[in-house]
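Readers should treat all values here as calculations from the given coordinates under stated rules, not as data from a laboratory. For clarity, every value in this text was computed on a predicted model and none was experimentally measured. Reconstructed Cβ throughout: ideal geometry from the backbone, glycine too, with neighbour counts over all protein chains shown.
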Amino acid sequence: MVIDGGSLSRIKARSAWHMTRGTGFTLLELLVVLAIMVIAVAAFPLALDRVLPGRRVRAATEHLVTVIRHAEIQSIALDEPQRLSVTELTSRVSSSTHIEASRPGGEPLRALVIYPDGSTNGARFVVSDDGDRSTLTVSEITGRIDVGTR
């Protein structure tokens with residue numbers, strides 16, 4: 001087999017083109033990657049919506065615990081009972097988050113009273129938002145706060 005000069009230069013040119021082409025990305029490859037990124041970014045808010053109600057319930061429950069603990073500290077420091085109205089306890093939560101407050105027996109709670117010895121009048125708070133739910137119970141005798149989720 002004999003290779004003439006023209007054939008040899010075409011082979012060299014073709015192999016040079018293949019060598020330089022392998023180092024970059026084609027426009028089609030870049031467009032495919034961009035399309036995948038757009039789909040991922042578009043799906044992110046949908047995933048975030050599923051997570052947010054649970055996060056709002058946790059934030060509202062943590063807020064309740066913080067306000068009650070602060071009132072316990074105030075009660076001990078001032079040596080007088082601290083009265084927390086239910087509206088005060090449930091303020092600063094998301095409008096979609098619902099908080100039910102009741103006494104341990106089930107009757108409605110108007111205010112949580114915390115005494116200097118650590119005892120309270122007892123309370124049960126149910127925090128819910130779009131199917132997510134958390135229960136916060138304040139013991140009458142010890143003032144202990146128990147948080148449960150379901």
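Does the range 61-119 classify as rounded, prolate or oblate by the C-alpha gyration tensor (a ≥ b ≥ c root eigenvalues; a/c under 1.5 gives rounded; else a/b over b/c gives prolate, otherwise oblate)? Present the calculation step by step, with values, prior to reporting the outcome.
Working: a/c = 2.58, a/b = 1.49, b/c = 1.73.
Taking the square roots of the gyration eigenvalues as a ≥ b ≥ c, the range 61-119 is oblate.
A simple count of charges around Val65, restricted to other residues whose Cβ falls under 14 Å of its Cβ and scoring Lys, Arg +1 and Asp, Glu -1, yields +2. Basic side chains Lys and Arg get +1 at the Cβ, acidic Asp and Glu get -1 at the Cβ, and with that the dipole of the range 27-149 about its Cα centre reaches some 120 debye.
What percent do you get for the relative contact order of the range 99-150 when only Cα pairs under 8 Å and 6+ apart count?
On the way: 100 pairs, mean separation 15.3, N = 52.
RCO, the range 99-150: 29 percent.
With a/c under 1.5 counting as rounded, go ahead and sort the range 27-149 into rounded, prolate or oblate using the C-alpha gyration tensor (a ≥ b ≥ c being the square roots of the eigenvalues; past the cut-off, prolate if a/b is larger than b/c, else oblate). Could you put the intermediate results ahead of the total?
Working: a/c = 4.11, a/b = 3.03, b/c = 1.36.
It comes out prolate by the Cα gyration axes.
Comparing Leu34, Leu109, Thr87 along the charge dipole axis of the range 27-149, the residue lying farthest to the positive side is Leu34, per the Cβ-charge model. Measuring nothing but how far apart in sequence close Cα pairs (under 8 Å, 6+ apart) lie, relative to its length, the range 27-149 scores a relative contact order of 22 percent.
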